[in-house]
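The values are calculated or read from the model by the stated rules, or taken from the named source; none is laboratory data. For clarity, every value in this text was computed on a predicted model and none was experimentally measured. Quick reminder, even Gly has a Cβ in these numbers, built from the backbone with ideal geometry, and neighbours come from all protein chains shown.
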Amino acid sequence: MDKIQINGGRPLQGSIKVSGAKNAALPLLAATILAPGTYTLHNVPDLRDTRTMLMLLQTLGASWERSGSSVQINTADLTGAEAPYDLVKTMRASVLVLGPLLTRAGCARVSLPGGCAIGARPINFHLRGFEQLGAVTRLESGYVEARVQDELTGNTVYFDIPSVTGTENVLMASVKATGVTTIRNAAKEPEVSNLVDMLTAMGAKIEGRNTDCLTVTGVTSLQATEATIIPDRIEAGTYAIAVGATGGELEITQCDPSHLPVLIEKLRAAGMEIATGKKSIIASCPVNSRGERCSLQAVNITTMPYPGFPTDLQAQFMALMIQCNGTSIIHETIFENRFMHVAELQRLGAKINIDGATAIVNGIARNNLFAAPMMATDLRASASLVVAGLAASGTTEITRIYHLERGYENMVEKLSQVGAKIKQVAG
């Protein structure tokens with residue numbers, strides 16, 4: 001099994017280009033099920049999860065071809081309506097095919113999804129939404145089964161808490177439902193808006209983009225289209241945080257700073273210098289009159305649904321806070337088991353205490369952060385270990401990096417090009 005080796009303590013300097021967003025690519029790929037035809041999606045990241053979704057589409061009867069970051073998908077001859085366990089066991093987002101299969105085929109059978117071990121991410125939001133549109137659902141032998149008895153009919157669907165994949169799934173199930181569907185307390189993440197744009201281009205009638213109330217007027221037909229995946233805000237944020245952990249100056253290109261308002265505010269509060277352009281972020285750490293890097297200050301964060309601080313950047317931000325002056329309070333409100341990286345960061349010398357959903361991080365001096373072997377436990381935790389390893393003195397080894405490969409395209413190569421001494425080696 002491959003691992004990553006990092007010889008830390010080197011500042012980052014140069015430019016990194018951000019790839020397309022995994023969390024936007026997956027629902028857009030699933031949306032190609034909705035109507036027969038040939039779709040072209042641009043800026044599709046080449047990741048474990050996107051490859052799995054393309055394999056799933058192929059299992060259902062689609063064909064596809066990749067050229068660079070563009071993927072052409074033909075869904076004219078779909079014959080299947082089942083997502084088997086062996087294919088989707090490593091990817092929770094496989095549940096996103098439920099909505100479009102209900103719309104296209106009137107039925108769906110999808111294995112209960114796997115993925116990162118960061119706590120319960122129940123699909124009851126999805127199933128309740130389908131049922132309110134008139135579908136019948138059940139769980140049997142590890143599979144979710146859904147079927148349209150008569151027809152999908154518009155209704156009001158309310159989410160107790162904003163669910164990104166729940167919002168996306170109900171959207172795709174409602175675009176051809178008879179009448180009007182209103183989704184209240186809908187997720188407002190940019191990835192949801194990206195899907196709304198694609199569905200609109202396909203002929204769907206959706207109002208309320210970027211709000212927590214989406215109104216869908218069902219249409220009788222949809223057509224294949226061309227769409228572009230938005231930049232990955234989590235990847236961009238991870239690299240900005242890495243500059244804070246290592247020092248230096250990094251231009252992060254092909255990103256959208258407007259998707260990271262709270263992170264940018266928090267990095268500035270910590271003492272970093274952040275300049276934003278329309279499609280770029282320049283992140284740097286201040287230096288004193290002798291050219292020495294200034295210490296950053298601890299700040300508090302609470303993860304929240306968008307536009308709040310992203311839970312997908314909490315672990316990486318903690319990896320920065322472990323070497324900042326003062327005490328940082330990190331409160332996780334989205335997932336109940338998302339501090340699995342703490343034990344690994346402690347191996348480097350980090351001073352972190354856990355109290356329920358809160359982590360208290362007591363910063364230590366940078367020269368007291370020493371490399372150690374670490375093991376990735378989930379996608380974003382693996383990124384936090386990379387950030388910490390870039391800062392620690394000595395050589396860090398990170399195992400189980402398949403987690404990282406699910407969500408970061410060419411991370412090792414990108415970091416190598418901006419001054420990091422990092423490589424992927426056979427385990």
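When VAL18 is tested against (1) at pLDDT 95 or above; (2) over 14 Å from the mean Cα position of the chain (by Cα), exactly one condition is not met: (2). Of the residues that make up segment 285-292, is at least one under 30 Å from ASP212 (Cα atoms), part of a loop (DSSP other than H, G, I, E, B) and touching a Gly at 6+ places or on another chain (Cβ under 6 Å)? No, segment 285-292 has no match at all. What about LEU267, is it buried (at least 24 other Cβ atoms within 10 Å of the Cβ), over 18 Å from the mean Cα position of the chain (by Cα), not in a helix (DSSP H, G or I) and not β-branched (Val, Ile, Thr)? So LEU267 does not fit the description; no.
For segment 378-412, a residue qualifies if it is assigned to a loop (DSSP other than H, G, I, E, B) and under 18 Å from the mean Cα position of the chain (by Cα), and the qualifying residues are ASP378, ILE401, ARG406, GLY407, TYR408, GLU409, ASN410. Please verify whether VAL44 is in contact with a helix residue (DSSP H, G or I) (Cβ under 7 Å, 6 or more places away or on another chain) and either closer than 25 Å to ASN410 by Cβ or in the same structural domain as PRO286 (by TED's automatic domain parsing) (or both), treating the condition exactly as stated. For VAL44, the condition - in contact with a helix residue (DSSP H, G or I) (Cβ under 7 Å, 6 or more places away or on another chain) and either closer than 25 Å to ASN410 by Cβ or in the same structural domain as PRO286 (by TED's automatic domain parsing) (or both) - is met.
List the strands (runs of 3 or more DSSP E) inside segment 295-377, counting only whole elements, that have at least 1 residues being in contact (Cβ under 8 Å) with a residue 40 or more places away in the chain and crowded, with 22+ Cβ neighbours inside 10 Å.
358-362
Of the residues making up segment 378-395, those that are crowded, with 24+ Cβ neighbours inside 10 Å, of a type in the set (Ser, Thr, Tyr) and within 19 Å of GLY363 (Cβ to Cβ) number 1. Considering only residues that are assigned to a loop (DSSP other than H, G, I, E, B) and buried (at least 16 other Cβ atoms within 10 Å of the Cβ), which ones fall in segment 132-185? Those that are assigned to a loop (DSSP other than H, G, I, E, B) and buried (at least 16 other Cβ atoms within 10 Å of the Cβ): LEU133, GLY134, LEU152, GLY154, ASN155, PHE159, PRO162, SER163, VAL175, LYS176, ALA177, ASN185.
Would you confirm, using the coordinates I've provided, whether THR238 is buried (at least 23 other Cβ atoms within 10 Å of the Cβ), outside the structural domain of SER69 (by TED's automatic domain parsing), within 24 Å of the chain's Cα centre (by Cα) and not in a loop (DSSP other than H, G, I, E, B)?
In short, yes.
Just to check your reading of the model, which residue among ASP46, ASP2 is under 30 Å from THR396 (Cβ atoms), surrounded by fewer than 23 Cβ atoms within 10 Å (Cβ to Cβ) and within 15 Å of the chain's Cα centre (by Cα)?
ASP46
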